[in-house]
Amino acid sequence: DRLGKGNVGVNFDPANMILYAKGDPVESVRVLSSYLKSVHIKDATLTGTPGQWGAEVVVGTGEVDWPAFFAALSECGFGGYLGIEREAGDDRVGDIKIARDFVLKTLG
């Protein structure tokens with residue numbers, strides 16, 4: 001807000017919230033709703049070891065509550081871009097296809 005620039009916003013990644021154990025991605029969407037410009041579709045699991053990162057996993061197999069996440073985006077009137085991101089794994093192209101199919105099925 002202090003910048004006074006409408007073209008500055010947030011590229012939100014729900015998996016990073018989980019990877020770094022920094023909170024609930026669904027609640028964060030609600031808090032950041034007026035600043036969201038784009039959203040990464042990426043999933044993760046928490047680590048059981050304090051001070052270590054979690055693990056990035058195939059979308060739909062981690063701890064992001066996707067139905068609630070997409071509902072929060074809809075409730076907030078999000079009209080930006082959704083971009084599937086996969087930074088780990090042995091079959092990233094295959095994982096992206098799985099993510100695409102998962103998102104299409106989840107959104108109906």
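Coordinate-derived values only; no laboratory data. The model shown is predicted, which means the values in this text are computed figures rather than measured ones. All Cβ positions, even for glycine, are placed from backbone atoms using ideal geometry, and neighbour counts span all protein chains on display.
Points to keep in mind about this one:
- DSSP bridge orientation in segment 10-107 - percent antiparallel, rounded to nearest 5: 30
- GluC sites (Glu not before Pro) restricted to DSSP loop in segment 3-108 with at most 12 other C-beta within 10 Å: E87
- Max mean-square fluctuation residue, GNM over the chain, Cα-Cα springs under 10 Å, options I18, I41, I84: I84
- Of the chymotrypsin sites (Phe, Trp or Tyr not before Pro) in the chain, the ones in a loop by DSSP (not H, G, I, E or B) with at most 16 other beta carbons within 10 Å are Y20, W53.
- Neighbours of D95, meaning other residues whose beta-carbon lies under 13 angstrom from its beta-carbon, give a summed charge of -2 when Lys and Arg score +1 and Asp and Glu score -1.
- Stokes-Einstein translational diffusion, the chain - Kirkwood Rh over all Cα pairs, 1.567 mPa s, 4 °C, in µm²/s: 90
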